[in-house]
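Each value in this text was obtained by applying a stated rule to the coordinates, not by laboratory testing. The structure presented is a predicted model; accordingly, all values stated were derived computationally and were not measured. Here the Cβ positions follow ideal geometry from the backbone for every residue, glycine too, while neighbour counts run over all protein chains shown.
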Protein chains: 2
Amino acid sequence: MQVLTTQKFQTVAFQWPAGFYSDGIHIGLRKAKKDFGWLFSKVPAAAAGTYTTNQFQAAPTKLTKNMINQDHQLQGLLLNSAVANSCTGQQGWDNALQEQRWLANKLAVAPSLIGVASTGLIGAQLPMDLIKNGLPQLTPTKSDAVTYAVLTTDKQPKTISVQCELSGKLVTITGFAKGSGMIHPKMATMLGFVTTDAQVDGDLLQTMLSDNVESTFNQITVDGDTSTNDMVVTLANGLADNPTLVPETTDYEIFNQALHAVLGQLAQQIAADGEGATKLVECNVLHAANEADGQKVAKAIVGSNLVKAAIFGEDPNWGRIISTIGATDAAIDIATVDIAMNGMKLVTDSLAVPFDEAAVKATLQQAKIMIDVDLHHGSAHGQAWGCDLTYNYVKINASYHT
Amino acid sequence: MQVLTTQKFQTVAFQWPAGFYSDGIHIGLRKAKKDFGWLFSKVPAAAAGTYTTNQFQAAPTKLTKNMINQDHQLQGLLLNSAVANSCTGQQGWDNALQEQRWLANKLAVAPSLIGVASTGLIGAQLPMDLIKNGLPQLTPTKSDAVTYAVLTTDKQPKTISVQCELSGKLVTITGFAKGSGMIHPKMATMLGFVTTDAQVDGDLLQTMLSDNVESTFNQITVDGDTSTNDMVVTLANGLADNPTLVPETTDYEIFNQALHAVLGQLAQQIAADGEGATKLVECNVLHAANEADGQKVAKAIVGSNLVKAAIFGEDPNWGRIISTIGATDAAIDIATVDIAMNGMKLVTDSLAVPFDEAAVKATLQQAKIMIDVDLHHGSAHGQAWGCDLTYNYVKINASYHT
């Protein structure tokens, strides 16, 4: 759908779209950091979501999915970190329902307009007393506090605000996400939230979200592990007062382009803040036989432990890249693969070319590493993001539970 | 085929079967360690092989596969470490052919009876002058030197010798393997060699090897990366003079059981010596819907970076295990999963059970960690082996190339 040749939106300072309020506070789920928050629209919003494909889908993820799928409407979300409420059985499900009822009461809306989202340790029950006590402390603010309340091992929140003009009306799209480990989304990553004041029907919003998540959140990986709590939720409350979006129009294309940028930026921020990561890795695959192959090859490269460790070591070890390409079932010509790192050619026609190793190594000290692969085997492209594999990744994950 | 209820073979000290000779020496491919070797039978041997499914199959792997597939006969193999002769184009292929001709001349046999195997850095050409000069230095010994000559980042060689009696004849099966990183075999791992003096037709040997590799080499993973050079070759020279093996007989079952043990032991030795590893992890999955699902779940668990890092941290983090199970497409009942580590139950019916965390952590200091999963969803089993993810894995792989 992205037929616009120029960018019709701009990134702006963090701000909530019209009619959205939120808060983030500390209630004792984590030692000292913010761990509890809410997000709501003053009017019911069109809602869309994508969810983990992990068979052990967590209770909050399942509940929110059920609510959105009823009629693609949602008004408020209750969020917490530290405890994932995953693999918690009937009690976990009851707790998620209880949270939903409490927030519905607080907002004086039907429970069907409330979703819940949790992230943290799998297998532990939510401390419902802390949540019950915390709920009255949540106030409707325009701050970014909620973007901190969902973090676990993340070093920093992932946020973005963009604005575009639809038929003369200013529309804001603001997204935030959390996720640092157990990141290998199959449908969406850990937790991502996008709010907008655009006017758009829920069904169309769902289609646009699902399409754009495929090329953004679903193309990042930190560790190859797909979480039980993954969810991206998008709320559109229509307060920008633009004419309701219609596919195949300029407004639609502008909004879709802006939404794609929001999701893409959040996905990249998650990869860059992968557990222990020191570098963001972007892989672009050109001339694949089809888009699925291009995406598959790109994601395999950024997901390879060996490639990730080499990038941590600032080592232009292209053998691991080509081996990873060959280990996929993507259609390739094994004699026509070109590979470049940070714009410097390492491989032409699947063979080593002489390169200035010191110069390449110097560029590998950058915070963002570009791997370009040209398969010369078609006309489709693929793109994916990951991070390096570091001592700190091992350190963080050798002692998360205790 | 394994209908024998008792073990009909025994493990013995390392020794070559009748008629097999080998050597391993240093010719300058590595700094100081052994890097070049040979292995041959004094008479042509029945031969079987399994090979990498990586699309960039290395020249030596392809050449050896071609030779074995002609008539399942082979007599000698030339081996080297340090340089993989992979992604080396026409020159790499010509070099593999040249090695084949040189060894055929030295052994005075047809080139079609000679295979070659290389392991090491991808993309570099073999230094043919060093190989030409090294060849006359290889002598026919009964030592284990060749098992050192194929090592790269391995801490130690992987070897096993077993003996069984077939119709009154003593039969020896001896295997060795290398492999420490880029280990996620799709058909076979890096390099594995099994020799036996048993009398068995090449076609049958191929069937037995292929079947047994599925549940041994193909069920280990170190880092999820499938190499370009994977190959397991089995040679049977018949000098034990047993009656030629016939399927569905006791002799066949004894030999198959012994062969499975040899392949399984080598596979476990590779996993235990995974790059940077401090612990071998064995996962047994019970009551899967079918064998493929059982194998898939077991391999996913030992392959999860998060599980691997938790085991390095001696942390009984079962949430990562159950999340990994759910991330597969194996048929499961999400309410009936049991999980135990080192025999101590952590999860029953997919829910946490109280356990003595200090006691479990104490057992996680062992060199071999057992993860038992009961899916309660069928009657098939699965088994896989891996290792922990450590600081040293990152260290080794951040600086392999340079």
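Considering only beta bridges that DSSP places wholly inside segment A:9-272, some 75 percent are antiparallel. Closest approach of a chain A Cβ to the axis relating A and B (residue, whole Å): A:Tyr391, 3. Note on segment B:9-272: along the principal axes its Cα atoms extend 48, 41, 32 Å, ordered by decreasing extent.
Relative protection proxy for B:366-378, B:101-113, from highest mean packing down: B:366-378, B:101-113 (other beta-carbon atoms within 10 angstrom). A straight line joining the Cα centroids of segment B:349-372 and segment B:263-330 runs 14 Å.
The magnitude of the dipole of chain B, with charges of +1 and -1 set on the Cβ of Lys/Arg and Asp/Glu and taken from the Cα centre, is near 1440 debye.
Rg/Rh, computed from the Cα trace of segment B:285-402 with Rh as the Kirkwood radius, has the value 1.01.
Going 7 Å from the Cα of B:Asp329 along its beta-carbon direction, which residues of segment A:57-90 have the amide nitrogen within less than 18 Å of the resulting point? A:57, by backbone N distance to the label point. Label point of B:Pro243 (7 Å along Cα→beta-carbon): distances to the other copies' equivalent points are 9.0 nm, sorted ascending. On the beta carbon distance between B:Lys368 and B:Lys8, with R0 = 25 Å, the FRET formula returns roughly 0.50.
Per residue of peptide A:53-62, the mean number of Cβ atoms on other chains within 10 Å of the residue Cβ is 4. Projected label points at A:Lys155 and B:Ala289, each 7 Å from Cα along the beta carbon direction, are separated by 4.2 nanometres. When the alpha carbon gyration tensor of the protein assembly as shown is reduced to an equivalent ellipsoid, the three semi-axes, largest first, read 53, 30, 21 Å. Take B:Lys31, push a point 7 Å out from Cα through the beta-carbon direction, and compare it with the same point in every other copy: 4.1 nm, smallest first. The P(r) of segment A:341-402 has a tail past 15 Å containing 67 percent of all C-alpha pairs. Distances in nm, one decimal, shortest first, from A:Ala108 to the same residue in every other copy, taking the label point 7 angstrom along Cα→Cβ. Here the equivalent label points are 10.4 nm apart from this one.
Using θ = phi - 60° in the Karplus curve 6.51 cos²θ - 1.76 cosθ + 1.60, the 3J(HN,Hα) couplings for segment A:225-240 round to 9, 8, 6, 8, 10, 2, 6, 10, 10, 10, 10, 10, 9, x, 6, 6 Hz; x is entered for Gly and Pro. Just tell me which lysines come within less than 24 Å, Cα to Cα, of A:Lys132; anything on the same chain fewer than 8 places away is out. By straight Cα distance, A:Lys132 reaches A:Lys31, A:Lys33, A:Lys34, A:Lys42, A:Lys62, A:Lys65, A:Lys106, A:Lys142, A:Lys178.
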